[in-house]
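Novice: Here it is, the structure, as structure tokens.
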Amino acid sequence: MLTGQTISHYRVLEELGRGGMGVVYKAEDTRLHRFVALKFLPEDVARNPQALERFRREARAASSLNHPNICTIYDVGEQDSAQFIAMEFLEGRTLHQIISEKPLPSGELVEFAIEIAGALDAAHKKGIVHRDIKPANIFITDNGRVKILDFGLAKRNLAGGATNLSVMVTATELEGATRLGTVIGTIVYMSPEQVRGEDLDARTDLFSFGVSLYQMATGILPFRGDTSGTISDAILNRAPIPPIRLNPDVSPQLGEIINKALEKDRKLRYQSASEMCADLKRLHRDTSSEKSAARIATRSDQTSTTKPKFTIAAIAALVLLLAAGGWWWFRGHNAATVQSVAVLPFMNATGNPDGEFLSDGLTEDIINRLAQLPELRVLARSTVLRFKNNNNDDPQKIGKDLDVQGVLTGRVTQHGDEIAVETDLVRVSDGSQVWGQRYTRKMSDLAALQNVIVGDLTGKLQTQLTHQEKEMMFLGTTTDSDAYKLYLKGRFYWNQRTREYLQQSIDSYKQAIALDPKYALAYVGLADAYTVASGFGTL
């Protein structure tokens with residue numbers, strides 16, 4: 001047990017779990033003052049130079065992934081021959097714990113699946129294949145965000161090739177083995193090419209994802225058996241029971257997506273995660289449209305039916321009950337959520353004027369994203385700008401003056417290639433803290449950092465968001481941190497409204513577009529800059 005010890009600059013706090021890839025601890029980064037998850041590798045991997053170098057190489061590759069649905073790797077280290085990785089600390093449960101042999105509701109399943117497919121697509125485009133996609137490696141945070149764990153760290157043999165079933169443990173030794181005739185472990189999520197020991201590509205992740213989808217939809221695994229031999233035979237030669245026969249709530253479209261992902265011939269399988277993600281998004285859109293149409297039809301039917309007759313006394317009693325119940329519900333509901341918010345200009349704690357674009361830009365970006373939420377009133381940047389540099393003002397007093405329920409303040413500090421953002425959300429009614437967090441990242445992770453902050457903040461402001469509302473929050477954004485930084489500079493220069501700064505704004509947006517030609521918001525910014533610049537003689 002390492003609890004209480006300090007490994008490198010990490011103070012180990014408690015054990016979180018253990019499995020085939022080692023032991024995971026919650027720890028505090030004593031340099032950056034944040035919680036991390038420390039995973040210590042098994043001794044057989046740590047002692048094998050070839051396996052260790054492969055692990056380090058793939059960990060470095062995985063650390064380059066900036067995606068809101070992939071767990072971030074911060075560091076790889078060694079102390080006293082103990083090899084470890086430091087990762088983003090997450091609170092929530094694994095998908096394996098959530099499904100627990102029961103199917104997920106279709107709407108929730110599709111929303112999770114879209115996020116998983118998006119994360120796989122981002123990794124595959126960087127040439128990184130997970131090799132061990134399964135519910136135990138898919139984490140659902142407390143605010144409902146999907147995070148894929150262990151990218152580039154999947155279990156494999158020491159030679160570095162595909163896993164060989166002949167050297168794997170028996171079914172009863174597999175993680176999560178049960179006595180119910182089914183086994184939940186790595187073998188049951190393998191693709192046919194993994195079982196045969198062939199070279200792997202991105203399509204093997206899609207097969208494993210298909211197995212996970214099947215389990216999410218039905219509560220059971222598609223390929224089962226009492227030994228690794230019977231499981232491998234099922235994977236290679238047997239078709240699974242159609243999901244709709246096990247769960248009538250599974251739509252034909254979802255069944256088709258699962259079946260295509262589970263094609264044994266990878267040439268007939270989905271060829272990319274983006275192709276699979278597109279089918280899932282179409283399914284979500286069509287399902288949402290059908291539900292909306294059904295609700296409208298139900299309301300119409302209810303309106304057209306004969307209305308029951310009530311006595312005046314009964315109606316009066318009903319009105320009083322509704323009024324009292326409504327007051328009680330609103331009072332409790334209003335106390336739990338923040339339905340209007342002012343995002344005050346973040347403080348540039350570094351004091352360097354060159355860092356103003358970061359504090360101002362992050363503030364404006366948060367305001368613009370929160371404004372997408374239909375049930376949240378967000379004050380405009382122009383309304384809160386007068387509070388810039390008023391660091392000693394009372395957020396509760398400002399909130400009362402602005403007539404909002406919550407006030408968000410922040411501090412941005414930059415040291416070299418590291419950036420720290422501290423946030424604090426205050427409830428105006430009583431001055432209590434609703435939420436506060438400190439984030440520290442490399443500047444190369446700036447785009448991912450902003451996505452995390454917005455996601456966490458949204459979870460505190462409104463606990464229930466549809467997938468479409470979540471998607472709206474990130475429309476037009478980029479995963480390229482350099483492009484995002486240039487975008488923030490463009491907004492900062494644009495807001496200065498001088499001829500010189502407007503030219504710098506145009507140049508910044510053009511550079512951002514050159515780095516990410518699909519960065520929609522950079523095009524919007526460029527249009528804004530051109531529009532204003534025409535009045536200043538810049539063009």
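Novice: Gain in length, residue 260 to residue 79, computed as 0.36 nm per residue apart minus the alpha-carbon separation, to one decimal in nm?
Specialist: Net length gain for the segment: 60.6 nm.
Novice: Highest mean first, what order results for 205-217, 252-264, 399-411 on Cβ atoms within 10 Å?
Specialist: 205-217, 399-411, 252-264
Novice: Over every pair of different alpha-carbon atoms in the stretch 216-265, take the mean of 1/r and invert it; report that Kirkwood radius in Å.
Specialist: That comes to 11.6 Å for the stretch 216-265.
Novice: Also, quick follow-up: Assuming a ≥ b ≥ c are the square roots of the Cα gyration tensor eigenvalues, decide whether the stretch 386-478 counts as rounded (a/c under 1.5), prolate (otherwise, with a/b larger than b/c) or oblate.
Specialist: Oblate, because a/c is 1.5 or more while a/b does not exceed b/c.
Novice: Given a Förster distance of 60 Å, report the FRET efficiency between residue 507 and residue 246 from their Cβ-Cβ distance, rounded to the nearest 0.05.
Specialist: Step by step, r from the Cβ atoms, then E = 0.55.
Novice: Could I ask something else about it? Would you give the gap between the C-alpha center of the stretch 1-35 and the C-alpha center of the stretch 346-397, rounded to a whole Å?
Specialist: After rounding, the separation between the Cα centres reads 35 Å.
Novice: Where does each of 110-123, 80-93, 63-76 land if you order them by average Cβ count within 10 Å, highest first?
Specialist: Listed from highest to lowest mean packing, they are 110-123, 63-76, 80-93.
Novice: How long is the gain from residue 275 to residue 523 if the chain were fully straight, where each residue apart is worth 0.36 nm and the alpha carbon distance is subtracted?
Specialist: The span from residue 275 to residue 523 would gain 86.7 nm if fully extended.
Novice: Quick one: 3J(HN,Hα) in Hz for the stretch 245-253, Karplus 6.51/-1.76/1.60 with θ = phi - 60°, rounded, Gly and Pro as x.
Specialist: 6, 8, 9, x, 6, 6, 6, x, 5
Novice: Suppose each label sits 7 Å from its Cα in the direction of the beta carbon; what would the residue 531-residue 108 distance come out to in nanometres?
Specialist: A separation of 4.2 nm, rounded to one decimal place.
Novice: Right, something else. Considering only C-alpha atoms, what is the centroid distance from the stretch 77-151 to the stretch 210-264, in Å?
Specialist: Here the answer is 20 Å between Cα centres.
Novice: Please give the per residue accessible area of the stretch 411-539, computed with a probe of 1.4 Å over protein heavy atoms only, in Å².
Specialist: So the stretch 411-539 comes to 46 Å² accessible per residue, rounded to a whole number.
Novice: Still on this model: Check residue 148: other-chain or 5+ apart residues with amide H under 5 Å from its amide H, H built from backbone geometry?
Specialist: Correct list: 70, 71, 139.
Novice: Testing the spin-label approximation: label points 7 Å from Cα along Cα→Cβ at residue 267 and residue 47. State their distance in nm.
Specialist: Inter-label distance under the simple model: 4.4 nm.
Novice: Next up: List, in order, the whole-Hz ³J(HN,Hα) value for each residue of the stretch 127-140 obtained from phi through the Karplus relation with A = 6.51, B = -1.76, C = 1.60 and θ = phi - 60°; use x for Gly and Pro.
Specialist: Once rounded to whole Hz, the list reads x, 10, 10, 6, 6, 8, 6, 6, x, 5, 9, 10, 10, 10.
Novice: Beyond 32 Å between alpha-carbons counts as too far, so tell me which of 147/264; 102/460; 147/518 fall in that bin.
Specialist: The pairs that break the limit, which is 32 Å between Cα atoms, do not exist here.
Novice: Multiplying the sequence separation of residue 383 and residue 403 by 0.36 nm and subtracting their Cα-Cα distance, what value in nm do you get?
Specialist: Working it through step by step, the gained length comes to 6.0 nm.
Novice: Starting from the Cα of residue 61, step 7 Å along the direction of its Cβ; do the same at residue 31; then give the gap between the two resulting points in nm.
Specialist: Simple spin-label model gives 2.6 nm for this pair.
The values are calculated or read from the model by the stated rules, or taken from the named source; none is laboratory data. Every value quoted in this text rests on a predicted model; they were computed, and no experiment measured them. As a convention, Cβ positions derive from the backbone with ideal geometry for all residues, glycine included, and neighbour counts pool all protein chains shown. Accessible surface is based on the protein model in full, side chains and every heavy atom, while ligands, DNA and RNA are left aside. Shrake-Rupley method; radii C 1.70, N 1.55, O 1.52, S 1.80 Å.
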